[in-house]
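Worksheet: the structure to be examined is printed underneath.
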Amino acid sequence: MGKKPWSGRFSQDTDAMVERFTSSIDVDKALYAYDIEGSIAHLTMLAHVGIITQDEAAALRTGLGRVKAKIAGDDFEFSDALEDIHMHVESALGDEAGDVARKLHTGRSRNDQVALDIRMYLKAEIKGIIARLFALQRVLVKMADQYKRVVMPGYTHLQRAQPVLFAHHLMAYYEMFKRDQERMADCLKRTDVMPLGAAALAGTTFPLEREYTRQLLGFAKVSDNSMDSVSDRDFAMEFISAASIAMIHLSRFSEELVLWSSSEFAFITISDAFTTGSSIMPQKKNPDVAELVRGKTARVVGNLMAIITLMKSLPLAYNRDMQEDKEPLFDTVNTVKACLDVYTRMLPNIKVNKETMLAASEKGFLNATDLADYLVLKGVPFRQAHSISGKAVAFALEHSKELHHLTVQEFKTFSEVIEPDIFEYLSIEHMISRRGTHGGTGYDNVLKAIDRATRDLDEQTAGTEG
């Protein structure tokens, strides 16, 4: 391994324990392809402006290609002595290209180099996560269309509240993941900024053409302030924040799948391929995938706390503390991708127990609000109607009946305005049909939501392919 790039200033070698403590190569070696791609763009620009010759650029380009191939082929030795991926690539390039490798770092610092690598990495990963969110939305819309007539109890406070369409419930998650996709796309805008050229913090005296490098690397814009360029990790914090929200949505969904698959609910049956058993209880079928996704949410939220705490007191510009940004960032990316992938595979393999859902919707006085609405339509003030409906529920409870099992005569003891048409009004079919506007659970509204989502997804697909 070559000398450290700062060896001219120091008279003692770095302590071996310090090398181990300060090394980040175990983590940031994942950036090697981006580091080399950034270096190739940088040397191409250096040749373009005449800082190095075209022959030197060609030799460096060839050498970097060999280094990349060795790392990709696991034919590469990593060492704590060289700290990070940048120094490993530079040292290996010296072995491949000779002394010309010393020119590669002209007009560049590890500070703007690592900022570039992370942005390149995160740009690619955000696009991959957006694609995964898109795929999950597709699954939800397809399931909603498949089960568009299935009725289930809607809940508030985990108590049965009103009947809803299962498709409406699924489309609620579609909306959540749509917002997640929008947040990721918005975060991508602030990630898509090229910092190279900021050097250590103050810029460089060399006549770099940052716009030329930006075009080579495919960034949307160049950064405006050199100090901010090397010290900014807002984009990483923003990404992990957006990822945390997406994971919370997955966690909420997981909680419902865990509940719904229990014997107490029995609304769904999760495929054997996505469940596990017990080492001691033969009858058990555990929803471990959903539970793990729920658990991994804590991990991602913890990563958000880690990076926010990491950055909260750092003076400008770069500080070595920022080396710790990669572990929470990389772990978040890998965790979110894995959770989205497994959900996209698991959901289509869930069996929906329609009869159980419907039976649950017919119990628990889910039509009490509709009784109050019925009375209002008959001219009873809402607060009075609410009270009457509550008294009817208390009476039905006392006699072990549901509201729709009461007779007209029993209803009339609470209000003379109630007529035989009350039974049709309190039927599940009519309760759902009446809620067809204002984003409600009515059949027409849900069908329109599914059609609208399908068109949106098709347009996104066409735009991506175009």
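The values are calculated or read from the model by the stated rules, or taken from the named source; none is laboratory data. Keep in mind it's a predicted model, so treat the numbers as computed, not measured. Every residue, glycine among them, receives a Cβ derived from its backbone with ideal geometry; neighbour counts consider all protein chains shown. Ligands, DNA and RNA are excluded from the accessible area calculation, which covers all protein heavy atoms including side chains. Shrake-Rupley method; radii C 1.70, N 1.55, O 1.52, S 1.80 Å.
Residues considered: SER254, SER278, SER244, SER262. Of these, the only one that is among the small types (Gly, Ala, Ser) and either closer than 30 Å to VAL114 by Cβ or in a strand (DSSP E or B) (or both) is SER244. The set of residues in segment 84-117 being buried (at least 23 other Cβ atoms within 10 Å of the Cβ), touching a residue at least 60 places away in the same chain (Cβ under 8 Å) and either within 20 Å of THR464 (Cα to Cα) or not acidic (Asp, Glu) (or both) consists of ILE85, HIS88, LEU104, ARG108, GLN113, VAL114, ALA115, LEU116.
Could we say that ASP74 is more than 31 Å from the chain's Cα centre (by Cα) and farther than 19 Å from GLU37 by Cβ here? So ASP74 fails the test. If a residue must be under 15 Å from ILE422 (Cβ atoms), open to solvent by 10 Å² or more (accessible area, probe 1.4 Å) and in a helix (DSSP H, G or I), how many such residues does segment 357-373 contain? Result for segment 357-373: 3. Restricting attention to segment 218-238 and to residues that are assigned to a helix (DSSP H, G or I) and in contact with an Asp or Glu (Cβ under 7 Å, 6 or more places away or on another chain), the residue that is nearest to LYS326 (Cα to Cα) turns out to be ALA236. Of all residues in segment 169-178, exactly one satisfies the criterion of being touching a residue at least 24 places away in the same chain (Cβ under 8 Å) and open to solvent by 50 Å² or more (accessible area, probe 1.4 Å), namely LYS178.
Tell me yes or no: at least one residue of segment 379-386 is touching a Ser or Thr at 6+ places or on another chain (Cβ under 8 Å), surrounded by 13 or more Cβ atoms within 10 Å (Cβ to Cβ), in a loop (DSSP other than H, G, I, E, B) and without any contact (Cβ under 8 Å) to a residue 60 or more places away in the chain. Yes, the conditions are met somewhere in segment 379-386. Out of PRO207, PRO153, PRO163, PRO195, one residue alone is open to solvent by 60 Å² or more (accessible area, probe 1.4 Å) and more than 18 Å from the chain's Cα centre (by Cα). It is PRO207. Exactly one residue out of GLU429, GLU410, GLU424 is surrounded by 16 or more Cβ atoms within 10 Å (Cβ to Cβ), outside any loop (DSSP other than H, G, I, E, B) and free of Cβ contacts under 8 Å to residues at least 60 places away in the same chain: that is GLU410. Can ALA392 be described as more than 30 Å from SER24 (Cβ to Cβ) and either part of a helix (DSSP H, G or I) or among the polar types (S, T, N, Q) (or both)? When the stated conditions are applied, ALA392 passes them. Total residues in segment 138-182 satisfying the condition of being in contact with a Leu (Cβ under 6 Å, 6 or more places away or on another chain) and of a type in the set (A, V, I, L, M, F, W, C): the figure is 7.
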